[in-house]
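Quick notes on the structure that follows.
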Amino acid sequence: MSISERCARWIVGIVEVNKCSPRMAQRSAETAEILKEFSALFFAMRRVAALPWTVSDSGRVFSPQTCLHPLCQKFPPSVRYRRLFLSELIKRQEAAGCDPLDELYDALAEVVGAEESSESFRSYRLPCGAFVSLLENAALISGGTTGLVTWEAALYLAEWALDHPQLFAGRTVLELGSGVGMSGISICRSCSPRRFVFSDCHPAVLQKLRENVRLNGLGSDSRPAVRVDQLDWTTATGEELRAIGADAVVAADVVFDPDLTGSLVQLLSKLLQRPSTEAQPLVLICSTIRNPLTYGGFKLQLGKPLRPARGAMQLTVTSRRVFVHRKGGPRPRGDERTGASRLSLRQSDSHRAAEGLQVTNKGFLHKRVRLFLFTFKGKRNEGREPQPANS
């Protein structure tokens, strides 16, 4: 009998005994929730010290849900992370006077002498219990790009989308700057879009993105049908964008470089150029506020005259929603990517754009406010070409 089967029977036996006592049954339910949370944090590679080590005999309880779980064999976290985790798990068992499982020593022996790799898997648990597994680089910046890791905004956008699946159901969705694919794959798995188009421009990112899409069972023949496009914001034409036929456009963490904000605004303007008989696509952009000046520059770009031709679109922000960490949820430490790995958020009240910059500036100073989500609409320019604003 395998270790997973033995541990499963052991846990089932505890549940059966607990039926005799409501208090013990409640405790068993709480333990099950801890196990679920612990497993999710392990596969998202949260810091080992930050894991909820609260269950007695943790080696027998946690190991089938983490290092001895089939997902760990198929999409293993990094060698270093598994080594740190197993060492801590065995140390805690020995300190409690328990004999660690032989399988834990075997698993530790496999990683002690193993060579470190520049990439590994992170798996993110969706509310339905399924995982999105992504091959990511260990370094935040590699190959001249930041697109080979999952950043915090992608996790927040994924959570928001899963809370609002009706906005994507039956639509053709275009994602800008898809990176390794966290937000898009989550939407495909849980929000029932008709088609989904991932896009990025860096060759290494596109290669990793295509691999992650395939690893999660998505492709041209899947439901939804998906594809991965190379899309350069500076050269994309209106015809190219119209051919995609997007009903919704999403992007996460694309406002980080002041040199790119102008190109992003121009691209959004092209995406919103539709005949008056067609509905404009929904555009959702989720961003981490790192530098208020950079984000403020993006907002200023939205307000500038884009010198559009007659009939072109100008962008206005119609709503802004502020997201903060759920009370008692994880707080960002060091590596920004770990801040929301449980996809735990609470949404505050939304504000009209007229309240705008003043409220936003307060948000910048509030330590718990991390992300802002905008929706846009285009306004057709029927008059003469606008003149540049006075400096």
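The values are calculated or read from the model by the stated rules, or taken from the named source; none is laboratory data. Keep in mind that what you see is a predicted model, and the values were worked out from it rather than measured. When we count neighbours, we look across all protein chains shown, and the Cβ atoms used for this are built from the backbone with ideal geometry, even at glycine. Just the protein is used for accessible areas: all its heavy atoms, side chains included, with ligands, DNA and RNA removed. Shrake-Rupley method; radii C 1.70, N 1.55, O 1.52, S 1.80 Å.
A few notes on this one:
- The condition (being surrounded by 15 or more Cβ atoms within 10 Å (Cβ to Cβ) and in a loop (DSSP other than H, G, I, E, B)) is satisfied by just one residue among Val173, Val111, Val132, Val149: Val149.
- Residue match in the range 288-295 (condition: in a loop (DSSP other than H, G, I, E, B) and farther than 30 Å from Ser190 by Cα): yes
- Ala114 vs. criteria more than 17 Å from Val228 (Cα to Cα) and assigned by the TED database to the domain that holds Glu37: yes
- Residue among Leu35, Leu104, Leu41, Leu86 that is more than 28 Å from Cys128 (Cα to Cα), crowded, with 18+ Cβ neighbours inside 10 Å and not assigned by the TED database to the domain that holds Thr150: Leu104
- Residue among Arg223, Arg214 that is surrounded by fewer than 15 Cβ atoms within 10 Å (Cβ to Cβ), basic (Lys, Arg) and part of a helix (DSSP H, G or I): Arg214
- In summary, Asn137 fulfils each of the numbered conditions (1) surrounded by 16 or more Cβ atoms within 10 Å (Cβ to Cβ); (2) within 22 Å of Tyr295 (Cα to Cα) with the single exception of condition (2).
- Which listed residue is at pLDDT 95 or above and open to solvent by less than 10 Å² (accessible area, probe 1.4 Å), from Val228, Val197: Val197
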